[in-house]
Each structure stands twice: as structure tokens, then as C-alpha cells.
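Q: One structure is given below, represented as C-alpha cells, and several questions about it will come after.
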Amino acid sequence: MTNNPLMYHKQGWIEVICGCMFSGKTEELIRRVRTALIAKQKVQLFNSKIDTRYGIDSIISHNQNKVAATCVKNSAEILPLIQKDTQVVAIDEVNFFDKGIVEVCDKLANMGKRVIVAGLDTDYRAEPFEVTAALLAKAEYVTKNLAVCTKCGNPASFTQRTSKDTKRIVVGTTDSYQARCRRCYKKPKVKPLSK
Ligand code: ADP
Ligand code: MG
Ligand code: ZN
């Protein structure tokens, strides 16, 4: 029995951590997961098979902070893997998922789980990722991180792609992306998005 009414009713909710690349989304997700683990909560962590940058069984931030995670192919794989006594479900790179992830997060929160997702709010053309945008609208708690502009040092909220790729999702790190501020970001001249 607890005096905290939220805990007593096993109230769930959604937290979104968004921002451009290098803004510390993964670091913040890992920090929240670690705090929950210190509080002896049962946590399940997921990432997308698309994100192969750092291996498949863990989430690693750009500064090499690392926690174990289950790699899934799509949103439908998540619910069957959720254990009954899990209190916290964390998902990194939520923008890599299909749109079913929005309903999955909603269901988990309705089941009483604390759902923490991290992901890009916009793509390399500065257009919203639909999945992140929907989750931002549905979330109880929203955090927008900023990085440091690699050109001028101002706060950066844009992801500049430095390669010539036009596909919306191209997995990469400092080899092909830079954090840029509004002034230094150059919108690429591309016609319709190639998937
Ligand atoms: P995200 O998940 O948002 O892409 P991470 O949490 O993986 O970001 O990494 C954030 C870390 O990236 C920072 O703590 C810093 O060490 C590093 N970093 C590299 N380039 C930048 C930049 N331009 N601005 C801020 N941090 C950067
Ligand atoms: Mg990340
Ligand atoms: Zn700048």
C-alpha cells in the first residue's frame, strides 16, 4: 500500500523525449531507465532493427553510454513480449517504427505502464516524423532537447544530412549528419520523399 495515488492505481502515461540528432535523446532515455532500475522497477527496453549502428542487443548513446535492449522488427512485436509485471517500457529511435507504434504506446499506458519513448521529431528535410508527432500529441510529458550547432555553437534543433542520400531513413552518425541551428541549417533541394 502506498500514499502515492498514482502508484496505487497503477496509472500509466507516455513520456516523449524528442529533438534533432546528437541532442542527447538516448542519453536522457538511458538516464530515466537507470533511475527506474535503481528504484527496483521492472523495465523493458526496445529499439528498432533498423538501427544497426551499435549492435543489436543494446542502446548506446553517441558518448558510449550503453544499456541492454531487445531489438524488434516492427511495432507488432512489442506487445507479445511485454511481461505482466513490467512497470516501465522504454523505446529508442521511435521514428524508425511503423505507425502502429502509436497505438502500442497508448495500449501500454492504458495497461498501467510508464512508457518512455525517444526519437527524432523531424527528418533531414526538417519535416515532422509522423509517428513522433502523433506521440507528442498524445503524451502526458514532453521533453525537447537541443544539440550544439556544429557551425556556430548556437542551440541546434535541425539535423543536417551531409551525404547526398535522399531516402528518408539513412542510418548514420557524424559521418553523415550534423546538428545545426536554424540559421546554419540548409534545407536540401529534394522533390518528393523517396522511401
Ligand atoms: P541522440 O540520441 O539525441 O542522437 P545521444 O544521446 O546519442 O544523442 O548523444 C548525445 C551526445 O552526443 C552528447 O552528449 C555529445 O557527447 C555528443 N555530441 C556529438 N555532437 C554533438 C553536438 N553537435 N551537439 C551536442 N552533442 C553532441
Ligand atoms: Mg539516439
Ligand atoms: Zn549555427
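Q: For residues in segment 177-192 being surrounded by 12 or more Cβ atoms within 10 Å (Cβ to Cβ) and modelled with pLDDT under 95, which is farthest from I60 (Cα to Cα)?
A: Result: V190.
Q: Of all residues in segment 110-130, which are buried (at least 17 other Cβ atoms within 10 Å of the Cβ) and under 25 Å from A36 (Cα atoms)?
A: K113, R114, V115, I116, V117, A118, G119, L120, D121
Q: Taking G112, is it within 11 Å of ligand 1 (Cβ to nearest atom) and either of a type in the set (K, R) or on the phi > 0 side of the Ramachandran plot (or both)?
A: Working: within 11 Å of ligand 1 (Cβ to nearest atom): no; either of a type in the set (K, R) or on the phi > 0 side of the Ramachandran plot (or both): yes.
So G112 fails the test.
Q: Among the numbered criteria (1) more than 13 Å from ligand 1 (Cβ to nearest atom); (2) assigned to a strand (DSSP E or B), which one does C105 miss?
A: Failed condition: (2).
Q: Take the residues in segment 131-151 that are under 16 Å from S23 (Cα atoms) and open to solvent by 60 Å² or more (accessible area, probe 1.4 Å), then tell me which one is farthest from ligand 3 (Cβ to nearest atom).
A: Start the filter on segment 131-151 by keeping residues that are under 16 Å from S23 (Cα atoms), which leaves 132, 142-151.
Keeping just the survivors that are open to solvent by 60 Å² or more (accessible area, probe 1.4 Å) gives 142, 144, 146, 148, 150-151.
Values: V142: 24, K144: 17, L146: 11, V148: 9, T150: 8, K151: 4 Å.
Per the stated criteria, the residue is V142.
Q: Further question: Could you check segment 94-109 and list, in sequence order, the residues that are touching a residue at least 60 places away in the same chain (Cβ under 8 Å), of a type in the set (A, V, I, L, M, F, W, C) and either touching a Pro at 6+ places or on another chain (Cβ under 7 Å) or open to solvent by 10 Å² or more (accessible area, probe 1.4 Å) (or both)?
A: F96, A109
Q: Does D123 count as within 15 Å of ligand 2 (Cβ to nearest atom), within 22 Å of K49 (Cβ to Cβ) and among the charged types (D, E, K, R)?
A: Values: within 15 Å of ligand 2 (Cβ to nearest atom): yes; within 22 Å of K49 (Cβ to Cβ): yes; among the charged types (D, E, K, R): yes.
Taking the combined requirement at face value, the residue satisfies it.
The values are calculated or read from the model by the stated rules, or taken from the named source; none is laboratory data. As the structure is a prediction and not an experimental result, all values here were calculated from the model. Positions of Cβ are generated from backbone atoms using ideal geometry, with glycine treated the same way; all protein chains shown enter the neighbour counts. Areas reflect the complete protein model, heavy atoms only, side chains present, ligands, DNA and RNA absent. Shrake-Rupley method; radii C 1.70, N 1.55, O 1.52, S 1.80 Å.
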